[in-house]
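One structure is given below, encoded as structure tokens.
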Amino acid sequence: MRVMWWLAEYPPDPGGIATFAAVTQAALVDRGVELDLLVVARGDSDSTDGATRITRRPILESVLANDVAGIARWVPFVAAYKRDVSPDAYHLHLSDASPLLHLMTRTTSPAPLILTLHNEMFKVVSRTDPDSLFGRVLDMSTVITTVSVVAAEGLLAHRPDLADRVVVVPNGVPIGTAPIPPPLESRILMAGRLVPVKGVDRVLRAMPEVLARVPGATLTIAGDGPEAPSLGRLAESLGVEDAVTWLGHIDRASVRSAMDQHRIVVMASRREGMPMAALEAAERGRCLVASAVGGMRGVVVPEHTGLLVDEPSADDDPGPLAGAMVRALVEPGLAERMGDAARVHVEGHFAVERTASLYEDVYRAVSVGARRPRVSVIMPVWNGERHVRFAIDSVLAQTFDDLELIVVDDGSTDSTLRVLDAIDDPRIVIVPQPHRGKAASRNAGLALARGNLIAHLDHDDLWPTDRLTHLVGVLDARPDLDACFGAVVHFKDPDAPANSVVRTEPELARTPTVGLVRVEAHRRVGPFRDLDYGDGLDWAMRSVVMGLPLEQTDQVVLHRRVHATNSSHSHPFALEKGRVAILKAALDLRRELS
């Protein structure tokens with residue numbers, strides 16, 4: 001599989017995206033993915049990094065300068081490069097770089113486009129309409145990945161219609177040897193570019209209070225950038241220059257070594273996507289004091305792996321940041337305890353192998369050359385350790401076996417992932433996601449689905465073995481149909497409430513878990529909406545309003561489990577509230593279509 005990356009920076013360039021690119025490309029190459037990198041922001045050279053070809057051209061300079069003639073001069077080069085690479089997919093890493101050249105050469109060596117948003121808030125978010133440059137790229141993208149839940153929610157607030165293309169793929173770091181214990185001395189490290197967004201000035205403004213409460217504390221700043229002179233003057237004006245050491249730009253190995261030599265790491269950023277320095281600090285077992293922005297809220301578990309400081313007030317009052325830094329330095333055992341927890345957290349959620357595995361799943365899903373199963377089964381699961389294995393076994397036991405099973409783990413906190421990892425079957429794709437809810441999990445599964453027929457199964461229900469054979473047979477015999485639905489029966493789990501109503505007679509239904517839908521029709525109806533209850537019923541109502549051609553059969557295709565944690569038992573009022581919202585949305589859609 002060959003993938004062409006568009007990105008703005010790569011080592012030795014400074015910056016988090018460069019660090020991300022280096023570690024992620026190495027992990028992907030280890031998995032057999034062939035990469036060609038077009039670095040568009042700096043330099044003019046051709047080189048290799050292991051098996052990866054790296055081509056640097058100063059394309060972005062013309063784009064940012066609105067130099068129309070300069071942009072036009074790059075078009076023949078980009079077209080020739082794309083013809084030479086002829087990739088299975090394009091992967092555009094969007095930070096501040098413009099996708100204009102890809103749009104201008106989109107008919108050259110056409111292939112599916114993956115778009116990755118690296119920032120928490122991107123400047124073009126206000127121009128997501130289809131006629132804008134960014135809107136056109138969004139609409140061209142087969143899959144859109146974001147590095148954090150915040151970035152995904154920011155995008156979908158403007159373009160909810162794209163929900164079934166969005167997958168959260170957090171950045172990852174290599175997991176090295178066990179970290180050494182933090183030193184007892186009150187040494188603070190800040191690592192990052194010296195630019196306004198990184199909030200180095202906030203850290204400096206907090207230092208007078210830190211020094212007043214922790215005499216002898218020191219701050220080391222690893223990084224360089226255009227703000228270096230003004231930050232130096234700020235340190236002098238605050239009277240903290242003797243406590244501050246400026247390392248300038250150092251390579252990533254030196255950054256990790258510096259983390260080993262400091263007690264805590266501080267990052268007071270004003271905006272973040274998924275900060276590599278924060279992940280590296282956690283990997284080195286260091287307590288992180290950070291502002292609560294963007295992906296930082298996924299890296300730092302408050303009061304467990306680090307301390308988060310409220311962002312809106314950070315510029316006006318350095319006191320909360322200073323207080324958190326002091327607490328991390330002097331509270332007995334806190335830095336050690338949180339550092340140990342941070343290491344465990346990053347091993348479980350942010351290892352680069354996990355990031356590479358998710359990207360490989362994305363590439364496989366969109367690649368034009370890959371073999372595709374006929375049916376994609378999508379199963380969301382959250383804390384389903386008791387039931388998920390039974391649901392999976394019922395899919396793998398199908399008499400129709402040309403399928404893939406996409407299991408989307410919605411940030412489970414129990415042993416669900418360990419249960420999933422223990423299953424060895426090439427038809428299973430495991431997609432770990434941060435917790436976003438069942439609708440988002442279904443949509444992430446849809447984004448990665450390769451089949452031309454879509455089926456859904458909840459993690460606590462079961463399929464009869466002939467379910468797919470029956471439904472596929474109906475659709476094969478009736479090409480005029482977009483969907484086929486069957487019947488459901490209920491069965492009672494031992495832990496079900498005593499007053500549970502169990503309908504043992506087959507009941508006809510038209511919700512996604514009781515049917516099979518052609519992928520084109522599924523996408524026409526649209527993604528699942530995030531509701532307190534009834535995302536499947538909501539989708540079914542929209543399909544009816546849109547007049548989806550379907551057939552209803554009376555064959556049982558789903559065994560629904562009744563147990564203590566069913567949403568109808570654990571959230572009884574959400575049921576009625578959800579039905580009202582679904583009915584209103586269906587009526588609104590009918591008026592819109594009429």
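Please treat every number below as a calculation from the coordinates, not as lab data. A quick note: this is a predicted structure, and the numbers were derived from the prediction, not measured. Note: ideal-geometry Cβ built from the backbone for every residue, glycine included; neighbour counts use all protein chains shown.
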Most exposed first, judged by fewest Cβ atoms within 10 angstrom, ARG297, ARG523 run ARG523, ARG297
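So if R0 is 22 Å, what FRET efficiency would VAL330 and VAL301 give, r being the distance between their Cβ atoms, rounded to the nearest 0.05?
Working: r = 21 Å, r/R0 = 0.97.
Efficiency for this residue pair is about 0.55.
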Can you put THR416, THR504, THR553, THR24 in order of Cβ neighbours within 10 angstrom, beginning with the fewest?
THR504, THR553, THR24, THR416
Place a point 7 Å from Cα of ASN452 in the direction of its Cβ. Which residues in segment 355-378 have their backbone N less than 17 Å from it?
366-377
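Starting from 0.36 nm per residue, how many nanometres of slack lie between ASP393 and ARG503 once their C-alpha separation is accounted for? Walk me through the numbers before you get to the answer.
Numbers: separation 110, 0.36 × 110 = 39.60 nm, distance 2.37 nm.
This chain segment gains 37.2 nm when fully extended.
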What is the diffusion coefficient of segment 32-106 in µm²/s, taking the Kirkwood radius over Cα pairs and the Stokes-Einstein relation at 37 °C with a viscosity of 0.692 mPa s?
252 µm²/s
Taking Cα atoms, how many degrees apart are the long axis of helix 467-477 and the longest axis of the chain, rounded to 10 and kept between 0 and 90?
70 degrees
Could you tell me, in Å, what Rg and Dmax come out for the Cα atoms of segment 371-593?
16.6, 49
Would you please name the GluC sites (Glu not before Pro) within segment 297-358 that are DSSP coil residues with at most 12 other C-beta atoms within 10 Å of their C-beta?
GLU303
So for the pair THR465, ASP493, with labels modelled 7 Å out along Cα→Cβ, what separation do we get in nm?
2.5 nm
With everything on Cα atoms, drop me the angle between helix 16-30 and the longest principal axis of the chain, reported from 0 to 90° to the nearest 10.
50 degrees
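Counting other C-beta atoms within 10 Å, which of THR146, THR245 has the fewest, and how do the rest follow?
THR245, THR146
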At a Cα cut-off below 14 Å, give the aspartates and glutamates reachable from LYS198, other chains included and same-chain residues fewer than 8 away excluded.
GLU120, ASP224, GLU227, GLU272, GLU311, ASP315
Using Cα atoms only, what is the angle between the long axis of helix 334-349 and the major principal axis of the chain, expressed in degrees (0 to 90) to the nearest 10?
40 degrees
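Normalised radius of gyration for segment 2-168, please: alpha carbon Rg relative to 2.2 N^0.38 Å, two decimal places. Intermediate results must be reported in sequence, preceding the final value.
Values: Rg = 15.2 Å, N = 167, 2.2 N^0.38 = 15.4 Å.
In units of the 2.2 N^0.38 Å rule of thumb, it is 0.99.
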Any residue on another chain or 5+ positions along whose placed amide H is under 5 Å from the amide H of CYS287 is listed here as VAL265, GLY339
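To the nearest 0.05, what FRET efficiency results for ARG2 and LEU593 with a Förster distance of 41 Å applied to their C-beta separation? Mind dumping the intermediate values first?
Numbers: r = 42 Å, r/R0 = 1.03.
The computed FRET efficiency comes out at 0.45.
With an 8 Å cut-off on Cα pairs and a minimum separation of 6 or more residues, tell me the relative contact order of the chain in percent. Let's see the in-between values first.
Working: 1232 pairs, mean separation 64.4, N = 594.
RCO, the chain: 11 percent.
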Given segment 266-343 reduced to its alpha-carbon atoms as identical point scatterers, what log10 I(q)/I(0) does the Debye formula return at q = 0.11, 0.16, 0.26 Å⁻¹?
-0.23, -0.50, -1.24
Under a plain spin-label model, where a point goes 7 Å from the Cα along Cα-to-Cβ, how far apart in nm are GLU153 and SER132?
2.1 nm
Could you tell me the calculated FRET efficiency between SER230 and ARG374, based on Cβ-Cβ distance and R0 = 51 angstrom, to the nearest 0.05?
0.25
For GLY294, the residues 5 or more places away or on another chain with a placed amide H closer than 5 Å to its own amide H are GLU272
With 0.36 nm assigned to each residue of separation and the Cα-Cα distance removed, THR177 to THR553 gains 129.6 nm
Applying the Karplus parametrisation 6.51 cos²θ - 1.76 cosθ + 1.60 with θ = phi - 60° to the phi angles of segment 234-243, what ³J(HN,Hα) value in whole Hz is obtained for each residue in order, glycine and proline being reported as x?
5, 4, 5, 5, 7, x, 10, 4, 6, 9
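What number, rounded to the nearest 500 deg cm²/dmol, is the helix-based mean residue ellipticity at 222 nm of the chain, given -39500 (n - 2.57) per DSSP H run of at least four residues and division by all its residues?
On the way: 22 runs with 232 residues, N = 594.
Rounded to the nearest 500, it is -11500 deg cm²/dmol.
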For segment 224-287, how big is the tail of P(r) above 17 Å, as a whole percent of Cα pairs?
52 percent
Kirkwood-based Rg to Rh ratio, segment 1-46, C-alpha trace
0.96
Divide, for segment 187-349, the radius of gyration over alpha carbons by 2.2 N^0.38 Å, where N is the residue count.
0.93
Between (i) 42, 29, 25; (ii) 45, 30, 21; (iii) 66, 27, 20, which matches semi-axes √(5λ) of the Cα gyration tensor in Å calculated for the structure shown?
(ii)
Global geometry of segment 165-207, whether rounded, prolate or oblate, following the gyration tensor of its Cα atoms and the 1.5 cut on a/c:
oblate
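Return the Rg/Rh value of segment 345-428, two decimal places, where both radii are evaluated on C-alpha atoms and Rh is the Kirkwood radius. Can you show the working numbers first?
Numbers: Rg = 13.8 Å, Rh = 14.1 Å.
Across segment 345-428, the Cα-based Rg/Rh ratio is 0.97.
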Can you compute the equivalent ellipsoid semi-axes for segment 324-470, i.e. the square root of 5 times each eigenvalue of the Cα gyration tensor, sorted largest first and rounded to whole Å?
35, 17, 12
Inter-label distance, nm, simple model (7 Å from Cα along the C-beta direction), LEU247/ASP260
1.2 nm
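Given the chain, what percent of its DSSP beta bridges are antiparallel, to the nearest 5? Numbers along the way, then the final one.
Values: 13 of 86 bridges.
Given both bridge residues lie in the chain, the antiparallel proportion sits at roughly 15 percent.
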